[in-house]
Amino acid sequence: MRKLNPVILLIMALSIVSLTACSTNDDTDNNNNAAAGTIEAKVDGNSFTSLDMTSIATLANGNLIIQGNDADGKSIVMTIFGYTGEGTYEFTGTDPLILHIANYIEADINNPMNTQSWTAPFDGTAAGTVTITSEMSNSIEGTFEFSGQNANDMSMKVLTEGAFNLTKQSL
């Protein structure tokens with residue numbers, strides 16, 4: 001399941017967006033440097049900031065999905081399977097029973113088959129982490145970093161200085 005079709009990833013990301021509500025809080029949190037309702041990161045040194053209206057954390061069946069899209073069709077999606085609360089989770093393929101996944105996606109709206117995705121983990125080594133620093137009943141904050149590999153051409157994207165400050169919904 002490590003090589004997910006980019007179109008399927010796009011559909012999953014868009015499905016999550018359609019199930020979410022908008023947040024109207026524009027405050028900045030100084031602990032993780034992400035504005036309320038957003039995911040922020042550097043992607044190969046370039047700034048990424050998701051839109052408030054397309055960013056959410058969803059807790060369902062013990063799994064946490066953190067997702068945000070920007071206006072250019074780029075998105076970050078992180079899934080923590082077997083989520084247990086605040087703490088650090090590794091994107092590593094060393095234990096097949098505990099797999100946390102991070103994706104950076106560049107959607108091509110004009111040609112969806114050309115959508116590209118960079119996934120962590122991409123082999124058995126640690127490819128990054130996500131740390132949940134604060135969780136409340138309706139919000140979640142944290143930081144992340146990861147290196148993702150594109151299964152189509154083996155290119156890499158490095159995401160650094162990642163932070164999120166999101167509304168959390170439980171299903």
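FRET efficiency for THR125 and MET53, Cβ-Cβ distance as r, R0 = 22 Å, nearest 0.05?
Computed FRET efficiency for THR125 and MET53: 0.05.
Can you work out ³J(HN,Hα) from phi for every residue in region 140-145, in order, using Karplus 6.51 cos²θ - 1.76 cosθ + 1.60 and θ = phi - 60°, giving whole Hz and x for Gly and Pro?
Using θ = phi - 60°, the values come out as 8, 9, x, 9, 7, 7 Hz.
Take every Cα pair under 8 Å in region 26-171 that's 6+ residues apart, average their separations, divide by the length, and report that relative contact order as a whole percent.
About 27 percent, as a whole number.
Quote the FRET efficiency, to the nearest 0.05, computed for ASN33 versus ASP108 with a Förster distance R0 of 30 Å and r equal to the Cβ-Cβ distance.
0.50
Defining a contact as two alpha carbons under 8 Å apart and six or more residues distant in sequence, what relative contact order in percent does region 87-171 show?
Relative contact order, region 87-171: 26 percent.
Debye calculation, C-alpha points only, no solvent: report log10 I(q)/I(0) for region 45-131 at q = 0.18, 0.20, 0.22 Å⁻¹, in the same order as the q values.
-0.86, -1.01, -1.14
Here, each number is a calculation from the coordinates, and none is a lab measurement. The model shown is predicted, which means the values in this text are computed figures rather than measured ones. Counting neighbours? That spans all protein chains shown, and the Cβs are built from the backbone with ideal geometry, glycine included.
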